[in-house]
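Take a look at the structure set out below.
Every read-out reported here was derived from the displayed coordinates using simple, explicitly stated rules and does not represent laboratory data. Note that the structure is a prediction, hence the values are computed from the model and not measured. Counting neighbours? That spans all protein chains shown, and the Cβs are built from the backbone with ideal geometry, glycine included.
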Amino acid sequence: MTKIKICGVTNLNDAIIAVDYGADAIGFVFAESVRKVSREKVKAIVRKLPPFVTFVGLFVNETAKNIENICSYCGLNAVQLHGNEPPGFLDRLKHYKVIKAFRIKNERDIDPINRYKSDAVLLDGYAENKMGGSFPCSCTAFRPQ
């Protein structure tokens, strides 16, 4: 089953449009980014959206305690980890669905994925000094074990 998550939402209007067009999940960036939003703004947006939408907080190398505080305050029910979190870190976030992102530069970057017990995996391109980018299509042959 395909699920659609629109990430980097910064305002209520965009969130409503995404949901109206069928997004299953709305992502909010709490890491340094041009799309970073405050917890107060996210809380206000989440309160005005339908109850069956998944609300995802995107974090990079954040502490588990801070992630839990933000998620609880905002009403988020999933987290997306884009940092260098070790596999055991995910155990500290048991109250949330966890999407673990992996920056893919080449096929060797696929190897660590099976060490993580996340609810979902996001393959992100590798670009020096920033998140995102493109990666070789041959790397998409990954199959979870």
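Here's the list of aspartates and glutamates a cross-link from K105 could span, going by alpha-carbon distance under 14 Å and ignoring same-chain residues fewer than 8 apart: D124, E128. Backbone amide hydrogens, once placed in the peptide plane, bring R103 within less than 5 Å of D124, excluding anything fewer than 5 places away on its chain.
Evaluated on the chain, the Kirkwood hydrodynamic radius is 15.8 Å, with distances taken between all distinct Cα atoms. Projected label points at N106 and L123, each 7 Å from Cα along the beta carbon direction, are separated by 1.7 nanometres. Computed about its Cα centre, the charge dipole of the chain is approximately 260 debye, with only Lys, Arg, Asp and Glu carrying charge at their Cβ. The residues I16, I110, I99, when put in order of fewest to most other Cβ atoms within 10 Å, stand as I16, I110, I99.
Here the spin labels are modelled as points 7 Å beyond Cα on the Cα-Cβ line, and at R115 and D91 they lie 1.5 nm apart.
Amide H contacts under 5 Å for E85: N61, restricted to partners 5 or more places along the chain or on a different chain, H placed in the peptide plane at 1.01 Å from N. Mind pulling the angle between the C-alpha long axis of helix 64-74 and the longest principal axis of the chain? Nearest 10 degrees, somewhere in 0 to 90. The two axes meet at around 30 degrees. Rounded to the nearest 500, the helix-only mean residue ellipticity at 222 nm of the chain stands at -6000 deg cm²/dmol, with each DSSP H run of n ≥ 4 adding -39,500 (n - 2.57).
For the stretch 2-67, trypsin sites (Lys or Arg not before Pro) are listed when DSSP marks them as loop and at most 15 other Cβ atoms sit within 10 Å of their Cβ; the list is K3, R35, K48.
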